[in-house]
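K.L.:
Just passing along the structure, written as structure tokens.
Throughout, read-outs are computed from the coordinates displayed, never taken from laboratory work. Quick caveat: nothing in here was measured; it's all calculated off a predicted structure. For neighbour counting, all protein chains shown are included, and Cβ atoms are generated from backbone atoms with ideal geometry for every residue, glycine included.
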Amino acid sequence: MPIAPGFAELEHTADVGFRAYAPSLPGLFYQAARALLHVLFLRPPRRGKSTLTFTVEAEDPETLLVRFLNELLYQIQTRGRVPAGLYLHLEKAGEGCRLTARMRYAPFDPEAYGFLGEVKSATFHGLKVEKTEAGYAASVVLDV
């Protein structure tokens, strides 16, 4: 496991997976978003002029992560908004948690970004968010 924040691909027979690492839970969500972008694009955009804010809620961090990644997939593949910067705020919401994302984005341009193909969704298969000595880690499998 790397000490620095980041992500690594996981071997999976039919789908695509990754493991993300970060010192904080919001950082973990950020690294998972970066990993998702690298599954979708050879060259994800680095700059975007437009912004969008969205919120996802869930009863636990695992469900919140799946909802967050699926919202990103919706924004990218349906709305044509590719994240070029993210600011994430995580907080308790009643018995669960809430993630508010402010996303700077660029218009979807498959040729410029080297689009690698559609991802159907983030799944609960093998999903694990765990506290580690270095912070947090998550394993995620994407349905392609």
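K.L.:
Hey, what do the phi angles of the stretch 114-123 turn into as Karplus ³J(HN,Hα) couplings, whole Hz, using 6.51/-1.76/1.60 and θ = phi - 60°, x for Gly and Pro?
P.N.:
Rounded to whole hertz, the list is x, 4, 9, x, 6, 10, 5, 5, 7, 10.
K.L.:
Let me ask something else about it. So what's the net charge close to L52: Lys and Arg +1, Asp and Glu -1, counting the other residues with Cβ under 11 Å from its Cβ?
P.N.:
Value of the local net charge: +3.
K.L.:
Still on this structure: Calculate the length of the line joining the C-alpha centroid of the stretch 31-106 to that of the stretch 112-144, in whole Å.
P.N.:
Measuring centre to centre over Cα atoms gives 12 Å.
K.L.:
³J(HN,Hα) across the stretch 124-141 via Karplus (A = 6.51, B = -1.76, C = 1.60, θ = phi - 60°), whole Hz, x for Gly/Pro?
P.N.:
Going residue by residue, I get 8, 5, x, 5, 8, 10, 9, 7, 10, 4, 8, x, 9, 9, 9, 10, 9, 10 Hz, with x marking Gly and Pro.
K.L.:
Another question, if that's okay. How would you rank T55, T78, going from fewest to most other Cβ atoms within 10 Å of each one's own Cβ?
P.N.:
Ascending Cβ contact count within 10 Å gives the list T78, T55.
K.L.:
Give me the net charge of R104's neighbourhood, meaning all other residues with Cβ under 9 Å from the Cβ of R104; Lys, Arg count +1, Asp, Glu -1.
P.N.:
Within the 9 Å Cβ shell, the charges total +3.
K.L.:
T123: net charge of surrounding residues, Cβ under 14 Å, Lys/Arg +1, Asp/Glu -1, itself excluded?
P.N.:
Taking every Cβ under 14 Å from that of T123, the sum is 0.
K.L.:
Something else now. If the cut-off is a Cα-Cα distance under 26 Å, which lysines reach K120, setting aside same-chain residues fewer than 8 apart in sequence?
P.N.:
Cross-link targets: K128.
K.L.:
Tell me, which longest segment in the chain has none of the GluC sites (Glu not before Pro) that fall in DSSP loops with at most 14 further Cβ atoms within 10 Å?
P.N.:
Counting at most 14 other Cβ atoms within 10 Å as exposed, the longest clean stretch of the chain is 12-58.
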